[in-house]
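Chemist: Below: one structure in structure tokens.
The values are calculated or read from the model by the stated rules, or taken from the named source; none is laboratory data. Everything numeric in this text was worked out from a predicted model, so none of it was measured. So basically every Cβ, Gly included, is an ideal-geometry build from the backbone, and we count neighbours across all protein chains shown.
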Amino acid sequence: MPTQVGWLIENRVLYSQSTGAIDMDLVIQHADFLVELLSNGQTTDIHLIIDSLKLTKFRVDIVKLNGQTKRYLEHPRLKCNIDVTRNVKNQMLGNVVSDMAGVRWAHYETLEAALNFLNDFDETLPPLDTNLLTTFKPLKEID
């Protein structure tokens, strides 16, 4: 199961965790599902955390990747995109794609740091910490 996607906080914080290798087919399915969740969301202040700490390979075409990610990054309900990765190439890629889409973007090397940022960034959210992952139930597994 390379990618799991669902609500960390219902209708407020989307969480996506990728494991193993990702290719363009998975990127397209991921983008489709994120757009669906954002479109069906009940608020305009939805945040997205993309956790790539367990990602081992990222085999994509940068132009196609940009086209797919812009579909959800430019969604009017998305407030902030947060990438969690220690991979320098993925950090640079996330920065470029988010800048091109004009979306608020942050990068952290740990999920704890990303959640701390989000706690400070949006005070309307309930307190976030890594214990939320113990109750996380993905809505979809994409592989």
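Chemist: Could you check segment 76-104 and list, in sequence order, the residues that are under 13 Å from the mean Cα position of the chain (by Cα) and at pLDDT 75 or above?
Modeler: Residues satisfying the conditions are Leu78, Lys79, Cys80, Asn81, Ile82, Asp83, Val84, Thr85.
Chemist: Within the bounds of segment 26-49, is there any residue that is modelled with pLDDT under 95, of a type outside the set (S, T, N, Q), on the phi > 0 side of the Ramachandran plot and outside any helix (DSSP H, G or I)?
Modeler: No; the residues of segment 26-49 include none that is modelled with pLDDT under 95, of a type outside the set (S, T, N, Q), on the phi > 0 side of the Ramachandran plot and outside any helix (DSSP H, G or I).
Chemist: Which members of segment 35-49 meet the condition of being free of Cβ contacts under 8 Å to residues at least 60 places away in the same chain, under 14 Å from Cys80 (Cβ atoms) and in contact with a helix residue (DSSP H, G or I) (Cβ under 8 Å, 6 or more places away or on another chain)?
Modeler: Leu38, Ile46, Leu48
Chemist: Still on this structure, please answer the following. For Leu73, state whether it is in contact with a helix residue (DSSP H, G or I) (Cβ under 7 Å, 6 or more places away or on another chain) and at pLDDT below 90.
Modeler: So Leu73 passes the test.
Chemist: Can you find a residue that is in contact with a Pro (Cβ under 7 Å, 6 or more places away or on another chain), within 23 Å of Pro127 (Cβ to Cβ) and not β-branched (Val, Ile, Thr) anywhere in segment 71-82?
Modeler: No, segment 71-82 contains no residue that is in contact with a Pro (Cβ under 7 Å, 6 or more places away or on another chain), within 23 Å of Pro127 (Cβ to Cβ) and not β-branched (Val, Ile, Thr).
Chemist: With respect to the numbered conditions (1) modelled with pLDDT under 90; (2) more than 14 Å from Asp143 (Cβ to Cβ), which one is the sole condition not fulfilled by Asn11?
Modeler: Every condition holds for Asn11 apart from (1).
Chemist: Report yes if Ser39 is more than 14 Å from the chain's Cα centre (by Cα) and among the hydroxyl-bearing types (Ser, Thr, Tyr), otherwise no.
Modeler: Here the answer is yes, as Ser39 does meet what is asked.
Chemist: Can you name every residue in segment 14-31 that is closer than 11 Å to Ile142 by Cα and exposed (fewer than 14 other Cβ atoms within 10 Å of the Cβ)?
Modeler: Asp25
Chemist: If you check every pair at least six apart or on different chains, which have Cβ atoms under 6 Å apart with a residue in segment 9-31 that is among the aromatic types (Phe, Trp, Tyr) first and a residue that is in a strand (DSSP E or B) second?
Modeler: What qualifies is Tyr15/Leu8; Tyr15/Ile49.
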